[in-house]
1. Please compute, over every Cα-Cα pair in the chain, the percentage with a separation greater than 21 angstrom.
2. Enumerate the residues in the stretch 1-18 having an amide nitrogen under 12 Å from the point lying 7 Å beyond the Cα of ARG94 toward its Cβ.
3. How would ASP40, ASP23 line up from fewest to most surrounding beta-carbon atoms within 10 angstrom?
4. For ILE56, enumerate residues with amide H under 5 Å from its amide H, sequence gap 5+ or separate chain, H modeled in the peptide plane.
5. Using θ = phi - 60° and the Karplus curve 6.51 cos²θ - 1.76 cosθ + 1.60, what whole-Hz ³J(HN,Hα) does each residue of the stretch 14-31 get, with Gly and Pro shown as x?
6. Fewest to most neighbouring Cβ within 10 Å: what's the order for VAL111, VAL91, VAL12?
7. Between CYS75 and residues 5 or more places away or on another chain, which pairs have amide H atoms under 5 Å apart, with H built 1.01 Å from N, and which residues are they?
8. For the chain, with a Gaussian network of springs between Cα atoms less than 10 Å apart, report the residue from ILE56, ILE32, ILE67 with the top mean-square fluctuation.
Amino acid sequence: MSFTRLEKTVTVDASGDATVYFDVCSGFIHSIRLVDTDLDANTDFVFTVERTTEAILTLANKGATFIYYPRAATCDILGAASLYAAAGEPVEARIALADDRIKLVVDEGGVSKYGIFYIIIADN
């Protein structure tokens, strides 16, 4: 398995907002990390797949360094949620990208503040 790192420095505008796109890539989203930030503590982040608008990760009131390993719920051929038998917890799978971009919308980040994002994409 090999990995690709997507990196983007995001600076919010005077309203504390930004919309950015990461490079086109293919593979499975392994992790999303924010480091080196001075964004406000109440910053909101929404990560989606650009073309399909599939939700990847939505965070509210996060301004400090973080790392997440987003996964999506799975279902059977009839659309019923796949669950672990014993606990009834959802079965989750990695989110795939096929020559697409990740879109990030930032809200309430402060005035002209920034954060550095790293997204790791696995090839299988």
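Every read-out reported here was derived from the displayed coordinates using simple, explicitly stated rules and does not represent laboratory data. Predicted model, so just to flag it, every value in this text is computed and none were measured. For neighbour counting, all protein chains shown are included, and Cβ atoms are generated from backbone atoms with ideal geometry for every residue, glycine included.
1. Cα-Cα pairs in the chain separated by more than 21 Å: 43 percent.
2. 1-4
3. ASP23, ASP40
4. For ILE56, the qualifying residues are PHE47, THR48, VAL49.
5. 5, 8, x, 10, 7, 10, 9, 10, 7, 4, 4, 7, 10, x, 10, 5, 8, 7
6. If I rank by nearby Cβ atoms, fewest first, I get VAL111, VAL91, VAL12.
7. HN-HN under 5 Å from CYS75: SER82.
8. Maximum fluctuation in the GNM of the chain, among the listed residues, is at ILE67.
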